[in-house]
Amino acid sequence: MSTSESPVAAPTLRERKRAQTRERIISAGIELFGSNGYDATTVADIAAAADIGTRTFFGYFESKDALLFGAGSDRTDIAVATIAAASPDEDPARVLLRGLDAASEATERDFLSDQAQLRLQLVDSVPAVRARGALEQIAAIRAIADALGSRFATLDAAHAAALAGAFVGASSAAVQTVLQEDRNASPVRRARRIRTAAAFALGVQE
């Protein structure tokens, strides 16, 4: 059984401007963290570099560590949207892999970039960033589990949570390893390795 897909409305001018400002804040923060260090960089510094006020900054992110994971929430949204658009008769694990593909394409610059490498270094070295990363993973698992449970009647809450946890955990671990091992590889090769590893963890044979 297939589902009919509704046309996606084009973003409004206001939405496009908001997305551009958000991206500018993230880019400014990453650049300052890389050049000045995480601890030495303040929200005021980031706001000034992004040409906004501090109040505007807090309209987008609750703290400077939150901006490091801005693209992560985008990837979660893409995964949730992919689940919602899937047929209830599909294999949930394969739907998750399709969501991973879509997220990799949409957020490639962050997902497989020097920015991601810096984020990984900060997760390893800064307790506040490590804690934020853990919270972001928990939020992603909950959102994806809720979407799976709503879309697939064969999954009860526990099974949906387990599948979501396996997916998020496997994808995150694969990303970390690939970023460390394949620093000079192309984005296509990196994405392929991550997808293959996630498929293995989910028990999907391709």
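Read-outs throughout are calculated quantities, based only on the coordinates presented, and are distinct from any laboratory measurement. This one's a predicted model, so the numbers in the text were calculated from it and none came from an experiment. When we count neighbours, we look across all protein chains shown, and the Cβ atoms used for this are built from the backbone with ideal geometry, even at glycine.
Odds and ends about this structure:
- Listed values (i) 30, 20, 16; (ii) 26, 21, 16; (iii) 48, 22, 17, entry calculated as semi-axes √(5λ) of the Cα gyration tensor in Å: (i)
- By the count of other C-beta atoms within 10 Å, a proxy for reagent exposure, SER125, SER150 are ordered fewest to most as SER125, SER150.
- Per-residue extension of 0.36 nm, minus the Cα-Cα distance of THR42 and ALA85, leaves a gain of 11.4 nm for this segment.
- Peptide packing for 19-28, 190-199 was compared via the average number of neighbouring C-beta atoms within 10 Å per residue; ordered from the highest value, the list is 190-199, 19-28.
- Extension gain, THR54 to HIS159, is 33.5 nm, computed as 0.36 nm per intervening residue step minus the present C-alpha separation.
- Around the Cα centre of the chain, unit charges on the Cβ atoms of Lys, Arg, Asp and Glu (plus for the first two, minus for the last two) sum to a dipole of about 260 debye.
- Helix-only CD estimate at 222 nm, as mean residue ellipticity for the chain, using -39500 (n - 2.57) per DSSP H run (n ≥ 4): -23500 deg cm²/dmol
- The angle between the Cα long axis of helix 92-106 and the main principal axis of the chain comes to about 30°, on a 0 to 90 degree scale.
- Fully extending the segment from THR12 to ASP101 would add 29.5 nm, taking 0.36 nm per residue of separation and subtracting the current Cα-Cα distance.
- Cα pair distances exceeding 17 angstrom across segment 1-105, given as percent: 62 percent
- Taking all Cα pairs closer than 8 Å and separated by 6 or more residues, the relative contact order of segment 11-63 comes to 33 percent.
- Degrees separating the helix 127-151 axis from the principal Cα axis of the chain, which is the longest one: 30 degrees
- A simple spin-label model places pseudo-atoms 7 Å from Cα toward Cβ; at THR196 and GLN176 they are separated by 2.2 nm.
- Paramagnetic label zone (point 7 Å from Cα along Cα-to-C-beta, GLN117; backbone N under 13 Å) in segment 160-181: 178-181
- Packing order of peptides 62-68, 174-180, highest average first: 62-68, 174-180 (average count of other Cβ atoms within 10 Å over each peptide's residues).
- Binning the alpha carbon pair distances of segment 11-63 at 5 angstrom intervals from zero yields the distribution 4, 22, 30, 23, 13, 5, 3, 1, expressed in whole percent.
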